[in-house]
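This report refers to the structure that appears directly beneath it.
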Amino acid sequence: MTATELVPYFHPTQIVLVDDDIDFLGNLTLQLEADLAYLLFDSTAKALTYINDGQPQDGSRQRFFRIVGSELRSISVAEADAPARVTLDTDAIHREMLFTNRFSRISVVMVDYAMPQMNGLEFCERIDNPYIKKILFTGVATEADAVDAFNRGVIDRYIRKSEHQVYEHLNRTIRELQHAHIRDTFAAAGEVFEVESPSFLEDPAVASLMATLAAGHGFVEHYLCANPPGFILIDGDGRMRRLVLYDGAERAQQMNAARRAGAPAACLEALAEGRVVFDPAAGEDRFERWARDTSAAERLEGRELYAWSLFHHVPELDASGGPTATYNRYLEWLDTVGYALM
């Protein structure tokens, strides 16, 4: 799989913060951004037990792929014994949002270097899951060790305690590594297979659009959709929207279907100019009543011209009803009973 600007799905994940100094941990909670989910540990032994027990080590990557052979038959990655076409399985991606414990998956660990039971580097080396990202908090005296550990892949980042705006740096790094955690679980499949994925995942303009929508609507989760292309977007309270995103190939496909259906010239012209997109719930008769089943589209200039619109109806979730667990409720749970896990 090629490097992507966007991961095929994203939901917030849990951060584990480890330091033997309780006062430091208490101050740290005041510096972290309020919408980060974290647990605090002042014991390295308890923290390692929590991290290593019950966390899947494969990053769950295999269940998100379909290997399709000449008979267009889906099989698992493990069953493939010959080169085959590998695609993202959007149905499996959508099932991810239905898992009630999805927010408790650990993605990032931040650990102090100087601790009595074991130092931070020893701690990081004992984390079993290779996809968990690791941040080492260092002092000036340990910076050389941190650089060496980074070069050897023991840690993913190190942050100097003495640097200017250290907590701003920490918050930004945590968010970057949360996305990298999920991205790398997908990229690992590319070590064996060339995975087909939508080209708009690699377009910085689409990534920027997603960030803008998240900031404007409070979206904290997204899940890739294939037909029509785009994403399911979910805010912290579980409210869902469906982003429909037409690239050039999708627009051409819609126009070809419209011509076959005898759609009026006005419909063809609107599709060609990227002025409309169809409601994701529209059926086969959408071209007959295109003025009712389309929404005015926003245009996005990226590596190509996109047309996009947000819809309230999310037909992919009609059968399931959508997720029952919401991120805001998870944060409330952490505030009330989460520290009991320490």
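The values are calculated or read from the model by the stated rules, or taken from the named source; none is laboratory data. What you are looking at is a predicted structure, and each value in this text was computed from that prediction instead of being measured. Neighbour counts run over all protein chains shown; Cβ positions are idealised from the backbone, glycine included. We work out accessible area using only protein heavy atoms, side chains counted, and drop any ligands, DNA or RNA first. Shrake-Rupley method; radii C 1.70, N 1.55, O 1.52, S 1.80 Å.
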* Structure fact -> Subset of the range 201-213, residues closer than 19 Å to GLU298 by Cβ, in contact with an Asp or Glu (Cβ under 7 Å, 6 or more places away or on another chain) and open to solvent by 10 Å² or more (accessible area, probe 1.4 Å), comes to PRO204, ALA205, ALA207
* **Test: ALA261 is open to solvent by 70 Å² or more (accessible area, probe 1.4 Å), at pLDDT below 95 and more than 27 Å from VAL7 (Cα to Cα)** => no
* Does GLU196 qualify as being in contact with a strand residue (DSSP E or B) (Cβ under 8 Å, 6 or more places away or on another chain), open to solvent by 10 Å² or more (accessible area, probe 1.4 Å) and closer than 30 Å to TYR246 by Cβ? -> yes
* Structure fact -> Among strands (runs of 3 or more DSSP E) entirely inside the range 268-312, those with 2 or more residues being on the phi < 0 side of the Ramachandran plot, buried (at least 18 other Cβ atoms within 10 Å of the Cβ) and at pLDDT 90 or above are 276-278, 305-311
* Scanning for something in contact (Cβ under 8 Å) with a residue 60 or more places away in the chain, open to solvent by 10 Å² or more (accessible area, probe 1.4 Å), part of a helix (DSSP H, G or I) and farther than 22 Å from LEU32 by Cβ, does the range 87-101 turn up at least one residue? -> yes
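Of the residues VAL147, VAL140, which is at pLDDT below 95 and open to solvent by 60 Å² or more (accessible area, probe 1.4 Å)? So that I can check it myself, show each step before the final result.
Working: VAL147 fails: open to solvent by 60 Å² or more (accessible area, probe 1.4 Å).
Exactly one of VAL147, VAL140 is at pLDDT below 95 and open to solvent by 60 Å² or more (accessible area, probe 1.4 Å), namely VAL140.
When the range 150-166 is examined, which residues are found to be part of a loop (DSSP other than H, G, I, E, B) and crowded, with 18+ Cβ neighbours inside 10 Å?
If we filter the range 150-166 for residues that are part of a loop (DSSP other than H, G, I, E, B), which is where we start, we get 152-156, 161-165.
Those that are part of a loop (DSSP other than H, G, I, E, B) and crowded, with 18+ Cβ neighbours inside 10 Å: VAL154, ILE155, ASP156.
Residues checked against (1) within 19 Å of GLU221 (Cβ to Cβ); (2) modelled with pLDDT of 75 or more; (3) buried (at least 18 other Cβ atoms within 10 Å of the Cβ):
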residue: LEU6; (1), (2), (3): yes, yes, yes
residue: PRO12; (1), (2), (3): yes, yes, yes
residue: LEU17; (1), (2), (3): no, yes, yes
residue: ASP21; (1), (2), (3): no, yes, no
residue: THR29; (1), (2), (3): no, yes, no
residue: ALA34; (1), (2), (3): yes, yes, no
residue: SER43; (1), (2), (3): no, yes, no
residue: TYR50; (1), (2), (3): no, yes, yes
residue: ARG63; (1), (2), (3): yes, no, no
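Hey, could you check the range 214-257 for residues that are aliphatic (A, V, I, L, M) and out of contact with any Phe, Trp or Tyr (no Cβ under 8 Å at 6 or more places or on another chain) and say which is surrounded by the most Cβ atoms within 10 Å (Cβ to Cβ)?
The initial filter retains those residues of the range 214-257 that are aliphatic (A, V, I, L, M), namely 214-215, 220, 224, 226, 232-234, 240, 243-245, 249, 252, 255, 257.
Right, trim to out of contact with any Phe, Trp or Tyr (no Cβ under 8 Å at 6 or more places or on another chain) and you get 214-215, 226, 240, 249, 252, 255.
Working: ALA214: 16, ALA215: 9, ALA226: 14, MET240: 20, ALA249: 13, ALA252: 13, MET255: 17.
Once the filter is applied, the top-ranked residue is MET240.
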* Asked: Which numbered condition trips up TYR339, out of (1) in contact with a Leu (Cβ under 9 Å, 6 or more places away or on another chain); (2) modelled with pLDDT of 90 or more?
  -> (2)
* Pairs where the first residue, in the range 156-170, is without any contact (Cβ under 8 Å) to a residue 12 or more places away in the chain and the second is part of a loop (DSSP other than H, G, I, E, B) and open to solvent by less than 60 Å² (accessible area, probe 1.4 Å), C-beta under 6 Å, 6+ apart -> none
